[in-house]
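Colleague: After the structure tokens below, expect a handful of questions from me.
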Amino acid sequence: MVEISSINIRVVKKVIIHCLVCPFVFNKKQKDKRIRDHTKRGGTMGKTILTAHHITKIFPGMKALDDVDFDLQAGEVHILVGENGAGKSTLAKVILGAYKQDGGEVFFEGEKMEFSGTKDALSKGIVAVYQEFTLVPYLNVAQNIFLNREFISKIGIIDHKRMETEAAALLKSLNCEYINVKSPVKKLSVAEQQMVEIAKALSFKPRIIIFDEPTSALSEREAESLFVQIHKLKKEGIGIVYVSHRMEEFPRIGDRITILRDGKKISTVGIHDCTNVELVNMMVGRDVSQVYVRSENKFTGEALRTEALQDYAGKVKGVDIFVNRGEIVGIAGLVGAGRTELAQLIFGIHSIKSGKVFVNAKEIIPKSPVNAIKNGIGLVSEDRKKQGLALDESISLNIIAVSLKKIFPRIFINKKKINEVALDYIKQLHIVTTSANKPCKFLSGGNQQKVVLAKWLSFDPEIIIFDEPTRGIDVAAKMEIYRLMDRLASNGKAIIMISSELPEVIGMSDRMYIMHEGKMVDECIRGQYTSEQIGAKMLGVGGAANE
Amino acid sequence: MTKFIQEIKKSKSFYSMLGLIVLIIISSMIAPNFRTMNNMITILRQASVLLILSSGLTAVLLTGGMDLSVGATAGFIGCICAQCIKGGMPIPFAFLVGIGIGVLVGLVNGTLAGILPSFIATYATNWVLSGLAIIVMNGAVIYNLPKNFTQIGVGYFGPIPNLVIIATIIVIVLYVLLQKTTYGRQVYAYGSNAEAARYSGMPVKKIMISSFIICSVCAGIAGMIITARLNAADAAMGDSYGLQTVAAVVIGGTSMLGGQGGVGGTVIGALILTIIVNIMNLKGVSSFAQPMIVGIVIIGMVLFDINTKRKQEKTA
Amino acid sequence: MNSLKSRFKALPPVAWMLVIIIIIFSFNSPNYLSFSNFRNILIQSSPLMILAFAQTCIVLTQGTDLSLGAQVGFVTVMTVFLAKRGVPLVVSMIIAVLLTVCIGAVNGLIIAKGHILPFIATFGMQNIVFSIALLLTSGASIYYPSFTYRIVTESTFLFIPMMVWVAVLTFILVWFILKYTKFGTNIRGLGGNREAMVLAGINPTHSLIKTYAFAGFIAGIAGIITLCRVESGQPIVAVGWEFQAVAATLLGGSSLREGKGGVPGTIFGVLLITVVKNGLNIIGVRSIFQNAIIGSIVLAAIIIDAVIRIRSKE
């Protein structure tokens, strides 16, 4: 048992490393190996259990789905891929019965489906495992799995024992016996919670499971065990729809891929029938090489430096980095590597346990964001909805949030000036809105991020840290943001870019750090390492990929 | 023209203002002596204390907090002030002492609100302060304060009662502070999203604590004015104001979640509350029924306010 | 031995505070550590205890019911009011409790359908209920003498006073419902993750209304017990109890945020408050000063508890 898994891990690592970044091409050797692996995974039933024809869904102001066809076979993992806003989640919700389509039909096992809510789909055996967990924190695992379906004993009370036994059986079938069914869900790790979600889905004896971005909150190791579970589900003939935009995972688990873009289906292909470059080009709709455009800058001196930086939570374990003026420095790494925590240390959100921070060669102690900003550091944080914007407030008020005292040094504010400033940035950054007074919650993800950027541009710090700047943003907005970052660098700003999307980190950085479990494991300049090597270092595997 | 109406509809105080106008109309209809100059001045005078209290409380609610200690704070500080004056302290000094204690109370409330939910913390401090007031007064009541002092409460400046002038000044100061200064902008931003405010470099601890200080200082001023007006100080004199103040702010449209509302709405809320009490007195409605009417008005106004906002959002 | 150790660690800080305070009081007075004094403490704590269980249920849904104290006063008033007009005492009691159930249901309705914060809705309701009670008594206390009251206050069963039994039975009822019924699971769900409830097919509006109605019922019981103690209808008898109930609930380890906690901890919270009140009486602190001291001690207890929790998280 152990031997097989270690072989699998090596294969997995190789495959991940090779698939991580574009542009690259599957070489023939790997192609053959992939085909072999595919058939080795056990014969799929091949029977089509779900078909959707000409699905159209319209929301006020936009067409989320435009004449999309989709089908699912028993025992297959059919990946739904596309940029944010492409329509992946919408299609999934139509299949689930959460949305009623405006056009087209869905057939489940030959029967036409008229769902009027998720309960109908549930009774047919169509379940979903969502990105945001649907668990009640202080109910235990068994109670969560059987929420509203509790077993009632003969005397009319909840039969906890039976619930716990059944729950334990479900977890056992997922190889998760170690999870205590009596434990409140809140006390489990994120991966364990996801297992509970899957167990919950399984308890409905599903024919189809839809996974919506399941690995976005998981670390590499946890994602791997998820994939093992998915393979098991495949063997049982369950059809799986896997919504994701993480291309590195696809060869691991996918059989077919359907690419959506702007609500339209671009293509459905077998997993081994197209290269990653082709995949990205279909998702993005344009030649990817045009996306990351960088200009050559002169670096005019060191703007920021850290020495042996450590935090109290143990996420940052001694980090030394530096950034020059005019430079874009990328920080790559996996989820949980400690990059966001590093940014928060520099920006004063958390206290420094030990180590030093230097701005323009002078030591500073960032006790709070107030402090950090005074020293010229800005942070475009990871979670724009919770940390970047006051969603109920207007665009204008958000834009002046940091530079408030700069714009109004004499205590009194006036609306006219605020609007002037805001309109200026709305124009500059092409923020799409009918008015500067619109509350930010009504903007799309890309426009919201632009408001955050406008806020920092308005203050004009010398050092800007971008943490996942293009997460959840449509392609056009992404390109604008890249261009903005390039312009900032050309104007002599020092930029740190943290991102989990290797293409963009590699594409945009002049120099790149690779972070792994709290430490910088390596540093490279533009073009120095191949993408395989970078990927390996992210995994903590030292040296070049072995082959 | 329709655009103008639409704009007014969107303004946060629209429905409260509408409520006030409707209330005035109904009151005029059911009580003939409502619209007399005498009654109007009575209303303004009675509203004065409430206006001071609720304007201060508005600052706290705007940051998303709650202060249930305004009643006891007013009573306590009023008593201390009376004790000081009776003990021979010059009136301006006694006044400053009152303000100083208000700052202290606000500091305590603000600090506690950092570790406990603010409504629990301030309920507890309300409890403690009302007890302290009793201790300070030793169960007795103070009478016969010097005329210089009581003039603040009962005197007139021309045709306008001093009370009204003081209240107006405080309301205007707070309005300007919250609407037209960088500090006020930060208060609103903090109330809307405290974490985002922190990430934008706003001094969040200072903002929160200062809002409580503003509230308690206003409560202190109110307490001293009550004493001046009654020409007496007793420990329980502020107690009934606590809940009325919350009611006035909430009726005026300031949200308990923070970031929405303002002194303008609070003024309307305080006036609505005062007029309701006034009209009930004019009609001889039992004072026992007053809490019920207040309760119904609160629920009604908030229901109306929240649900029209939700409708607006759905169509936006 | 291990499980005993872990049981100790699971006790909320308030349990330790309780022990400390009892020790402090015992130094002050020789009569303190007597059986009859503890018996008194239990009796004194019963009405608040019962009310606190109701509040705990509401806190578990991430809300607070500020009308509970007014409901208790209302029950005392309504029962006497009806009894004085010829309705048999026990029937009056039943009617009064049914009315608080309705009050609770209305609370739940306003909150669920009106999308108002529980704080505001119950704050308004508190005023309304209080008014009704005041109007019924014209502000005073009203009396209806009966020996029935003594049955509750003076009889004992197995040496335990009837009042304490009522508190115990209420505890068992609430605990049981929270653990062994769908209704109870839903209460935690309302506070923990409302979307999960909806996805699972539970109607949150119905659950919320039922929860507040249930709290009204328990408050009704607390009202009956209080009536038996004060033997009169007093609108103001339970003023402030709802907050003490919240304090007790929070001290007991329940949280206003995530549906965390339960009734066992609340017991300690109520006992703490009652022990302080009782202790101050025994020491002979003048009653006008008691307010400040009790308030300060409760405040200190809540602060200590909060700080301990924050520290342990870090």
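The values are calculated or read from the model by the stated rules, or taken from the named source; none is laboratory data. Keep in mind the model is a prediction, meaning the values are calculated, not measured. When we count neighbours, we look across all protein chains shown, and the Cβ atoms used for this are built from the backbone with ideal geometry, even at glycine.
Colleague: Between C:Ala238, C:Ala215, C:Ala306, C:Ala245, which is assigned to a helix (DSSP H, G or I), out of contact with any Asp or Glu (no Cβ under 9 Å at 6 or more places or on another chain) and either crowded, with 17+ Cβ neighbours inside 10 Å or free of Cβ contacts under 8 Å to residues at least 24 places away in the same chain (or both)?
Modeller: Among C:Ala238, C:Ala215, C:Ala306, C:Ala245, only C:Ala306 is assigned to a helix (DSSP H, G or I), out of contact with any Asp or Glu (no Cβ under 9 Å at 6 or more places or on another chain) and either crowded, with 17+ Cβ neighbours inside 10 Å or free of Cβ contacts under 8 Å to residues at least 24 places away in the same chain (or both).
Colleague: Quick check on the stretch B:140-165: of everything there that is small (Gly, Ala, Ser) and either surrounded by 13 or more Cβ atoms within 10 Å (Cβ to Cβ) or touching a strand residue (DSSP E or B) at 6+ places or on another chain (Cβ under 6 Å) (or both), which residue is farthest from the other protein chains (Cβ to nearest Cβ)?
Modeller: B:Gly155
Colleague: Ok, one more. Need a quick list: strands (runs of 3 or more DSSP E) entirely within the stretch A:181-295 having at least 1 residues that are under 18 Å from the mean Cα position of the chain (by Cα).
Modeller: Answer list for the stretch A:181-295: A:208-212, A:239-243, A:256-261.
Colleague: Of all residues in the stretch C:168-209, which are within 12 Å of chain A (Cβ to nearest Cβ) and either aliphatic (A, V, I, L, M) or within 16 Å of the chain's Cα centre (by Cα) (or both)?
Modeller: C:Ile177, C:Leu178, C:Ile187, C:Leu190, C:Ala196, C:Met197, C:Val198, C:Leu199, C:Ala200, C:Ile202
Colleague: Scan the stretch B:24-37 residue by residue and report those that are within 24 Å of the chain's Cα centre (by Cα) and surrounded by fewer than 19 Cβ atoms within 10 Å (Cβ to Cβ).
Modeller: Answer for the stretch B:24-37, where residues must be within 24 Å of the chain's Cα centre (by Cα) and surrounded by fewer than 19 Cβ atoms within 10 Å (Cβ to Cβ): just B:Ile24.
Colleague: Could you please find all residues in the stretch C:25-46 being touching a residue at least 24 places away in the same chain (Cβ under 8 Å) and part of a helix (DSSP H, G or I)?
Modeller: Hits for the stretch C:25-46 are C:Phe25, C:Asn28, C:Asn37, C:Arg39, C:Asn40, C:Ile41, C:Leu42, C:Ile43, C:Gln44, C:Ser45, C:Ser46.
Colleague: For A:Ser203, work out the one condition from (1) surrounded by fewer than 19 Cβ atoms within 10 Å (Cβ to Cβ); (2) farther than 25 Å from A:Gln73 by Cα it doesn't fulfil.
Modeller: For A:Ser203, the exception is condition (2).
Colleague: What are the residues in the stretch B:176-220 that are within 30 Å of B:Cys79 (Cα to Cα), of a type outside the set (A, V, I, L, M) and within 13 Å of chain A (Cβ to nearest Cβ), if any?
Modeller: B:Lys206
Colleague: Shifting gears a bit: Determine, yes or no, whether C:Leu299 is out of contact with any strand residue (DSSP E or B) (no Cβ under 7 Å at 6 or more places or on another chain), within 14 Å of chain B (Cβ to nearest Cβ) and in a helix (DSSP H, G or I).
Modeller: Judged against the criteria, C:Leu299 is a match.
Colleague: A further question on this structure: Report yes if B:Gly131 is assigned to a helix (DSSP H, G or I), buried (at least 24 other Cβ atoms within 10 Å of the Cβ) and not β-branched (Val, Ile, Thr), otherwise no.
Modeller: When the stated conditions are applied, B:Gly131 does not pass them.
Colleague: Which ones in the stretch A:91-141 are modelled with pLDDT of 85 or more, farther than 27 Å from A:Thr215 by Cα and part of a loop (DSSP other than H, G, I, E, B)?
Modeller: A:Asp102
Colleague: So which of A:Lys235, A:Lys205, A:Lys182 is at positive phi and either away from every other protein chain (no Cβ under 14 Å) or in contact with a strand residue (DSSP E or B) (Cβ under 6 Å, 6 or more places away or on another chain) (or both)?
Modeller: Of the residues listed, the single one that is at positive phi and either away from every other protein chain (no Cβ under 14 Å) or in contact with a strand residue (DSSP E or B) (Cβ under 6 Å, 6 or more places away or on another chain) (or both) is A:Lys205.
Colleague: Please go through (1) of a type outside the set (Val, Ile, Thr); (2) buried (at least 18 other Cβ atoms within 10 Å of the Cβ); (3) more than 10 Å from chain B (Cβ to nearest Cβ) for C:Pro264 and return the number of the only condition it doesn't satisfy.
Modeller: The single condition C:Pro264 does not satisfy is (2).
Colleague: A further question follows. Condition test on C:Thr153, is it in a helix (DSSP H, G or I), of a type in the set (Ser, Thr, Tyr), out of contact with any Ser or Thr (no Cβ under 7 Å at 6 or more places or on another chain) and surrounded by fewer than 20 Cβ atoms within 10 Å (Cβ to Cβ)?
Modeller: yes
Colleague: Looking only at the stretch B:106-117, count how many residues are more than 8 Å from every other protein chain (Cβ to nearest Cβ) and surrounded by fewer than 24 Cβ atoms within 10 Å (Cβ to Cβ).
Modeller: 4
Colleague: Of these, C:Gly86, C:Gly104, which one is away from chain B (no Cβ under 14 Å) and part of a loop (DSSP other than H, G, I, E, B)?
Modeller: After ruling out the rest, the residue left standing is C:Gly86.
Colleague: Another question about this same structure. Being out of contact with any Ser or Thr (no Cβ under 8 Å at 6 or more places or on another chain), away from chain C (no Cβ under 14 Å) and in contact (Cβ under 8 Å) with a residue 40 or more places away in the chain: is that true of B:Ala47 here?
Modeller: No, not satisfied.
Colleague: Taking only the stretch B:258-316 into account, find how many residues are away from chain C (no Cβ under 12 Å) and among the hydroxyl-bearing types (Ser, Thr, Tyr).
Modeller: Counting residues in the stretch B:258-316 that are away from chain C (no Cβ under 12 Å) and among the hydroxyl-bearing types (Ser, Thr, Tyr) gives 3.
Colleague: Moving on to the next point. Kindly list the number of the only condition in (1) more than 14 Å from every other protein chain (Cβ to nearest Cβ); (2) part of a loop (DSSP other than H, G, I, E, B); (3) free of Cβ contacts under 8 Å to residues at least 60 places away in the same chain that fails for C:Trp165.
Modeller: Single failed check for C:Trp165: (2).
Colleague: Could you check the stretch C:110-144 and list, in sequence order, the residues that are outside any loop (DSSP other than H, G, I, E, B) and more than 11 Å from every other protein chain (Cβ to nearest Cβ)?
Modeller: C:Ala112, C:Ile142
Colleague: Among the residues of the stretch B:122-136, write down those that are more than 7 Å from every other protein chain (Cβ to nearest Cβ) and more than 25 Å from the chain's Cα centre (by Cα).
Modeller: Within the stretch B:122-136, none qualify.
Colleague: Where in the stretch A:435-519 are there helices (runs of 4 or more DSSP H), lying fully within it, with 1 or more residues that are within 19 Å of the chain's Cα centre (by Cα) and either hydroxyl-bearing (Ser, Thr, Tyr) or farther than 16 Å from A:Lys386 by Cα (or both)?
Modeller: Ranges flagged: A:475-490, A:502-508.
Colleague: Residue check: is B:Gly261 assigned to a loop (DSSP other than H, G, I, E, B), surrounded by 17 or more Cβ atoms within 10 Å (Cβ to Cβ) and touching a Gly at 6+ places or on another chain (Cβ under 8 Å)?
Modeller: Considered against the rule, which asks whether it is assigned to a loop (DSSP other than H, G, I, E, B), surrounded by 17 or more Cβ atoms within 10 Å (Cβ to Cβ) and touching a Gly at 6+ places or on another chain (Cβ under 8 Å), B:Gly261 comes out as yes.
Colleague: What residue, among those in the stretch A:298-330 that are closer than 12 Å to A:Lys519 by Cβ and buried (at least 19 other Cβ atoms within 10 Å of the Cβ), is nearest to the other protein chains (Cβ to nearest Cβ)?
Modeller: The selected residue is A:Lys315.
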